[in-house]
Amino acid sequence: MEKKFLKRNIISINDFTKEEILFLMDFSKQFEGFRKPILSGKILAACFYEPSTRTKLSFESAMYQLGGNVTGFDAGSSSSAAKGESVSDTAIMMEGYSDVMVIRHPLEGTARVAGESADIPVINGGDGANQHPTQTFLDLYTILKTKKTLNGLKIGFIGDLKYGRTVHSLAEALSLFDNTLYFISPESLKMPNAILSHLSAKNKIYFETNDLYDYANELDVLYVTRIQKERFFDPLEYEKVKNAYVIDKKIITHVKPDMKILHPLPRVNEIHTSLDSTDQAEYFQQSKNGVTVRKALLSLVLGIYP
Amino acid sequence: MEKKFLKRNIISINDFTKEEILFLMDFSKQFEGFRKPILSGKILAACFYEPSTRTKLSFESAMYQLGGNVTGFDAGSSSSAAKGESVSDTAIMMEGYSDVMVIRHPLEGTARVAGESADIPVINGGDGANQHPTQTFLDLYTILKTKKTLNGLKIGFIGDLKYGRTVHSLAEALSLFDNTLYFISPESLKMPNAILSHLSAKNKIYFETNDLYDYANELDVLYVTRIQKERFFDPLEYEKVKNAYVIDKKIITHVKPDMKILHPLPRVNEIHTSLDSTDQAEYFQQSKNGVTVRKALLSLVLGIYP
Amino acid sequence: MEKKFLKRNIISINDFTKEEILFLMDFSKQFEGFRKPILSGKILAACFYEPSTRTKLSFESAMYQLGGNVTGFDAGSSSSAAKGESVSDTAIMMEGYSDVMVIRHPLEGTARVAGESADIPVINGGDGANQHPTQTFLDLYTILKTKKTLNGLKIGFIGDLKYGRTVHSLAEALSLFDNTLYFISPESLKMPNAILSHLSAKNKIYFETNDLYDYANELDVLYVTRIQKERFFDPLEYEKVKNAYVIDKKIITHVKPDMKILHPLPRVNEIHTSLDSTDQAEYFQQSKNGVTVRKALLSLVLGIYP
């Protein structure tokens, strides 16, 4: 199975079979706390056309923990792209400077273009509203790590389900398994029909509500995302709903003791800091799992194993 | 004594006893020119919420010279903080990505917050007008290295003594020892009363003047800081005093042959370049000492010794 | 001959003799695909006062491939220079933080100032309209690699020959050898008289034209540069000439099968992507050669050989 990842571009979660995902989850385990210079002499090109501190630092840390190094550029005027260079040309350039590339870009489809241009494996670090596969891998890994399964779970998603790339990809990925999904959002930020139809077509069970407490006591996992004011045409509408989607310590008495709260971070105020020290808070560990899963992916696409 | 530094946050010079400071000075000596990969596999997170090239590069160089690596972010839009993340959350995130963190932030108290949030040691790289302890350590180290003692010295401070974080911390640190201090500044930029009272309470001897030549011939050390035009309400007042606080080669005939001139750098014009080649010029060496002291600190807080 | 490069500043192509250039070309060959940590523990300071992704990443990659590390700063507010520090002071500071320095600066002569200030070797990564010697070295290396000689070639330059630093330096360097040069440009962007006089004085043969097809079938190498709209006072004049200097697949039927197209990159539209897969396209390989030549230079100035 390792061979299926060798020199592979990691563009969309939809490019992976259930078996491949499960293999990656299992393969990742050995990278927990693993620090050996197996990627010594290897170079990652981190090409960030828009900022994403967490993604960038997580990849950097993964590379450094495995003894590799990182070149690349950040958003802003300092890239050749500012001189009008195409993503394709930049990708070919990177091929001469590095062994693997991660690209973050505001436009959908850019990562795939880079992947098709460069002879080195390209990892999508987020392309607009489209895909951010390593985020989905680490979300799945976090669920599996804490619940010991990816099946038979009751998983809630709360917040902005309309525009949240993260929740779309995770819901799609979870549809490869058998779980019950709960979509909790204001009316105007509901999960898109395209995804709901997709779930129905695969006979997956899901519920929609605008009230967290309709199902809070049943959930095994609650995946929280931020509701952004700028998504609302009517500021009054935002004022009306915003507090209903802030999770605070009040929730603890309504949920199972082993329910886990996830969040892709950064959070602003949608999870109150009073929850940070509870058993339910899994979001910081989730962030740390990102380094583990990214170490596994770098190892796999480069074909250098522990 | 090493144990007292293990996993310790380095937030304020005032958190350290005289014995600890002297130990650090002594411990630092072995890092002069020392380059061995004792921190191989270790990662420093350099979190710069505002620019400080010298501090950042000095820490980077220290880490690289010891075989470690550096992740982190620079001021500007590329940090998650731009999305509204708290320093506390960022610090917890860094804990998953690194082994030690240096933070530079425009707001006082931020470094302590980061230190209390993260499970890794946090080093204050300057928090507003408050503290910049590694600068003070390297200043002390430079005095000790060149004068062979931290006692019985006559040490002048010249320039902006009112707003200069560096001179405040160094004066406080020197008050742990027995020295005579000379504060040379325009009336409007005098050393704050709080610090003068503190010195008096500890029976330390100091003099104030607005004329360098009142005491120039007695000094063992002259610590120069820049006078910034924007500190003056009245531009005429600035024009009046600015030249009185520019040090040039004229000073050499008025000072002891082994008097040493220090400056935290960068300088603009407050030390004339004609002084650079004199025996008194110690400021470039002082800058280099920063790498030595920071290597020592990284070694100590991580508990990995040469 | 290695000794002639030891601790040497690499400021201008004109500082090098024909023999030194040929030695560097030959010395570079062994760095093709070479990755061994011979520069382990060594630090490059990359001081970029203006952006140049390609130059920066190429040096970073070279350093990492040889096991070294990179510190430094990028253009913008994050450098001490923003606080008014002189290039000379910054160079002396870098001396304490690194073993070799590459500097990119918008002002002519800056690299030489840095080199005279610092005790470490300084490499010019481009100083305004003046020099960018490592680009010229990699251009020569690319010609030599693909044509097996630097003599007896027919080499065309097309595009903006008036303002193009790259073509000026390369033409000067080629005048050390015996080649025939063809300068193809609109009237208003002709090669400067100073360079033409220089060629004449050395009895070098060159031709000028505004039509690529006057000589296309004779060329061994065609070096393409971009024509920038902002160089024209009259936008109509730009519209008139721009298409005449875009190279596309049409050229293939008019040139020798082993003719090679070079370009310093990034390109915008002056070479059509349909050419990328032809045998003539050498520009991507040229970019990759930059890492090879820079590895050789770093090895030479630091005096650490494979």
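Every number here is computed from the coordinates shown, using simple stated rules; none is lab data. Because the structure is predicted, anything quoted here is derived from the model rather than measured. When we count neighbours, we look across all protein chains shown, and the Cβ atoms used for this are built from the backbone with ideal geometry, even at glycine.
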Please find, in a Gaussian network model of chain B (springs between Cα atoms separated by less than 10 Å), the residue of B:ALA129, B:ALA244, B:ALA201 whose mean-square fluctuation is greatest. B:ALA201
List residues of the range C:164-179, by number, whose backbone nitrogen lies under 17 Å from a label position 7 Å along Cα→C-beta of C:GLU19. C:176-177
Please list the non-local residues whose amide H lies under 5 Å from the amide H of B:ILE247, H modeled 1.01 Å from N, same-chain partners needing a gap of 5 or more. B:ILE271, B:HIS272
Mind jotting down the three principal axis lengths of the protein assembly as shown based on Cα atoms? Whole angstrom, largest first. 91, 84, 52
How are the C-alpha pair distances of the range B:134-284 spread across 5 Å bins, as whole percents from the shortest bin up? 2, 10, 21, 24, 22, 14, 6, 2, 0
Take chain B, connect every pair of alpha-carbon atoms lying under 10 Å apart with a spring to form a Gaussian network, then pick out the residue of B:ASP258, B:ASP211, B:ASP234 with the largest mean-square fluctuation. B:ASP234
For C:GLU237, project a label point 7 Å along Cα to C-beta. Then give me every residue of the range C:186-201 with its amide nitrogen under 19 Å of that point. C:186-194
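Return the subset of B:LYS3/B:LYS145; A:LYS229/B:LYS42; A:LYS56/C:LYS145; C:LYS18/C:LYS250 for which the Cα-Cα distance in this structure is over 31 Å, preserving the input order. Walk me through the intermediate numbers first.
Working: B:LYS3/B:LYS145 24 Å; A:LYS229/B:LYS42 40 Å; A:LYS56/C:LYS145 37 Å; C:LYS18/C:LYS250 37 Å.
Beyond 31 Å: A:LYS229/B:LYS42; A:LYS56/C:LYS145; C:LYS18/C:LYS250.
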Go ahead and estimate [θ] at 222 nm for the protein assembly as shown from helices alone: -39,500 (n - 2.57) per DSSP H run with n ≥ 4, summed, over the residue count, rounded to 500. -11000 deg cm²/dmol
For the charge dipole of the protein assembly as shown, defined by +1 on Lys and Arg C-beta atoms and -1 on Asp and Glu C-beta atoms about the Cα centroid, which residue among B:ILE21, A:TYR49, A:ASN130 has the Cα displaced farthest towards the positive pole? B:ILE21
Run the label-point distances for C:THR273 please: 7 Å along Cα to Cβ, every other copy, nanometres, shortest first. 4.8, 4.8
Shortest-first nm distances, B:TYR163 label point to equivalent points in other copies (7 Å, Cα→Cβ): 3.9, 3.9
Over the range B:232-300, how many percent of alpha carbon pairs lie in each 10 Å bin up to the one with the longest distance? 17, 38, 26, 16, 3
Residue by residue through C:86-95, how many Cβ atoms from other chains fall within 10 Å of the Cβ on average? 4
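Could you work out, residue by residue across A:185-196, how many beta carbons of other chains sit within 10 Å of that residue's beta carbon, and then give the average as an integer? Don't skip to the answer; put the middle values down first.
On the way: counts 0, 0, 0, 0, 0, 0, 0, 0, 0, 0, 0, 0.
For this peptide, the per-residue mean of nearby foreign Cβ atoms is 0.
Whole number please: convex hull volume per residue of the Cα set in the range A:205-270, in Å³? Working shown, then result.
Numbers: hull volume 7.4 nm³, N = 66.
Each residue corresponds to 113 Å³ of Cα convex hull volume.
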Given H placed 1.01 Å from N in the peptide plane, which residues other than close sequence neighbours of C:ALA281 have an amide H under 5 Å from its amide H? C:ILE261
From the backbone phi of the range A:278-290, what are the Karplus-calculated ³J(HN,Hα) couplings (6.51 cos²θ - 1.76 cosθ + 1.60, θ = phi - 60°) in whole Hz, Gly and Pro given as x? 7, 5, 6, 5, 10, 5, 6, 5, 4, 4, 5, 4, x
Per its Cα gyration tensor (rounded if a/c is under 1.5, else prolate when a/b beats b/c, else oblate), the range C:75-184 is best filed as prolate
Put a point 7 Å out from Cα along the line to Cβ at C:PHE207; what are the distances to that point in the other copies, in nm, shortest first? 8.3, 8.3
Positive-pole candidate from A:MET1, A:ASN193, A:THR71, dipole of chain A, charges at beta carbon: A:MET1
Between the range A:144-165 and the range A:261-305, the Cα center-to-center distance that results, in Å: 14 Å
Note, the range C:239-256: 3J(HN,Hα) by Karplus (6.51, -1.76, 1.60, θ = phi - 60°), whole Hz, Gly/Pro = x, goes 4, 5, 9, 4, 6, 5, 10, 9, 8, 9, 5, 3, 5, 4, 6, 9, 10, 5
Lys, Arg +1 and Asp, Glu -1 on Cβ, resulting dipole of chain B about Cα centre, debye, nearest 20: 680 debye
Spelling it out for A:GLY68: with amide H atoms placed in the peptide plane at 1.01 Å from N, the residues 5 or more places away or on another chain with amide H under 5 Å from its amide H are A:LEU39
Where Rh is the Kirkwood radius over Cα pairs, Rg/Rh for chain B: 0.97
Could you work out the mean count of beta carbons from other protein chains within 10 Å of each residue's beta carbon in B:59-71? 5
Going 7 Å from the Cα of B:LYS148 toward and past its Cβ, which residues in the range B:243-269 have a backbone nitrogen under 16 Å from where you end up? B:257-260
B:LYS29: which aspartates and glutamates have alpha carbons under 15 Å from its alpha carbon, excluding same-chain residues fewer than 8 sequence positions away? B:GLU2, B:GLU20, B:ASP139
C-alpha center-to-center spacing [the range A:96-137, the range A:189-215] in angstrom: 29 Å
For the C:ALA194, B:GLU108 Cβ pair and Förster radius 45 Å, calculated FRET efficiency rounded to 0.05 is 0.20
